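Working notes, beginning with the structure itself.
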Amino acid sequence: MEIMMEEVKVRGLTLKNIKVNEASGYNGMDILFTIQDQQYNFMIAKTNPIMPLNILHRFSEKSICHVCNRTIYPYPVGNQPCLELKKLDKLILDKLIKFLPVK
Ligand SMILES: [Zn+2]
């Protein structure tokens, strides 16, 4: 199952290439998206109500995150939370929730 959606704007950030996948290993979803060509994985728990868990960098090469300004190593080494995006997790979820396959 994969869902693609239009870009979404949150607090001046533009989220693009948004893809939703069932998570492996827990009852949730992985929402992949890019901001300025850097990829992130927004992990969501399919609880009621649906809950944001974490937002991880998922970079293909070592680079400075445009959101938190930290140097991030490529995935899977640099699979750490983006603490600045984490502050916006509920806002981001509010924008995405209508596209998600949950009741
Ligand atoms: Zn970051």
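Just so it is clear, none of the values below were taken in a lab; they were calculated from the coordinates. If you're wondering where the values come from, they're calculated on a predicted model, not measured in any experiment. Cβ atoms come from the backbone with ideal geometry, glycine included; neighbour counts cover every protein chain shown.
Per-residue Cβ neighbour counts within 10 Å put M5, M51 in the sequence M51, M5, beginning with the fewest.
Working note: Karplus 6.51/-1.76/1.60 with θ = phi - 60° gives region 13-29 the couplings 9, 10, 8, 10, 6, 7, 9, 10, 10, 4, 6, 9, x, 8, 7, x, 9 Hz, where Gly and Pro are set to x.
Considering only S24, L83, T34, and ranking their Cα positions along the charge dipole of the chain that arises from unit charges at the beta-carbon of Lys, Arg, Asp and Glu, the one farthest toward the positive end is L83. Note on region 3-99: with charges restricted to the Cβ of Lys and Arg (+1) and Asp and Glu (-1), its dipole about the Cα centre is near 220 debye.
Short-range pairs are left out: with C-alpha atoms under 8 Å and at least six residues apart, the relative contact order of region 1-102 is 18 percent.
Can you show me the helix-derived [θ] at 222 nm for the chain, built from DSSP H runs with n ≥ 4 at -39,500 (n - 2.57) apiece and divided by the number of residues, rounded to the nearest 500. Taking each H run of at least 4 residues, the total per residue is -2500 deg cm²/dmol.
Sorted fewest first by neighbouring Cβ atoms within 10 angstrom, L53, L83 come out as L83, L53. Look at the Cα gyration tensor of the chain: its axes a ≥ b ≥ c give a/c of at least 1.5 with a/b over b/c, and that counts as prolate. At R0 = 22 Å, how high is the FRET efficiency between F99 and R11 if r is their beta carbon distance? Nearest 0.05 is fine. Given R0 = 22 Å and the Cβ-Cβ separation, E is 0.75. For R58, the residues whose modelled amide H falls within less than 5 Å of its own, excluding neighbours fewer than 5 places apart on the same chain, are Q39, Y40, N41.
With each label modelled as a point 7 angstrom along the Cα→C-beta vector, the N27-A45 pair spans 1.1 nm.
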